[in-house]
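Shown next, in structure tokens, is the structure this report addresses.
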Amino acid sequence: GGATTASITVSPTATTTYTCTITQGGATTTQSQTITVNPLPTVNAGVDQTLCQGPNITLTATGATTYTWTPTITNGVAFTPLATTTYAVSGTTNGCVGTDQVLVTVNPVPTANAGIIKHPSLSIARLI
């Protein structure tokens with residue numbers, strides 16, 4: 001048994017072949033259609049990264065054929081992050097999409113302060 005309507009909607013979770021048998025006026029014909037289910041790509045955005053403000057980093061996702069990053073960057077091309085940001089990536093293979101994300105933490109560049117020299121034997125009069 002199966003559907004007896006002119007059309008059906010299916011949602012297979014694995015590749016499946018559907019067969020349709022039509023009987024009209026005593027004649028029977030059979031047609032088959034295979035629906036291929038592609039697996040979702042396992043996209044990996046890489047490990048979270050921490051750096052000081054200024055240098056370039058490169059984020060390279062793997063596991064799919066094409067990639068789209070949000071915010072917009074180019075996969076495998078160096079860029080300079082300006083602030084701590086979570087970058088999300090969608091990877092597509094055979095029309096199927098997988099996702100992942102990576103956190104890039106940007107720390108401010110530390111400032112060096114040598115301070116004021118305090119020594120009892122030094123005075124402005126003695127330095128002149």
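The values are calculated or read from the model by the stated rules, or taken from the named source; none is laboratory data. What you see is a predicted model, and the numbers here were worked out from it, not measured in a lab. Virtual Cβ from ideal backbone geometry, glycine too; neighbours counted across all protein chains shown. For accessibility, only protein heavy atoms count, side chains too; no ligands or nucleic acids. Shrake-Rupley method; radii C 1.70, N 1.55, O 1.52, S 1.80 Å.
At-a-glance table
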| read-out | value |
| --- | --- |
| Within segment 98-109, considering residues that are of a type in the set (V, I, T), over 14 Å from N44 (Cβ atoms) and not in a loop (DSSP other than H, G, I, E, B), the one least open to solvent (accessible area, probe 1.4 Å) | V104 |
| Among the residues listed as Q101, Q31, the single one being modelled with pLDDT under 95 and touching a strand residue (DSSP E or B) at 6+ places or on another chain (Cβ under 9 Å) | Q31 |
| Every pair of residues 6+ apart whose Cβ atoms lie under 6 Å, when the first sits in segment 77-101 and is on the phi > 0 side of the Ramachandran plot while the second is assigned to a loop (DSSP other than H, G, I, E, B) | N94/N38 |
| Pair list, Cβ under 6 Å, 6 or more apart: segment 41-67 residue modelled with pLDDT of 95 or more, other residue open to solvent by less than 40 Å² (accessible area, probe 1.4 Å) and polar (S, T, N, Q) | P41/T93; T50/T105; A64/T93; T65/T93 |
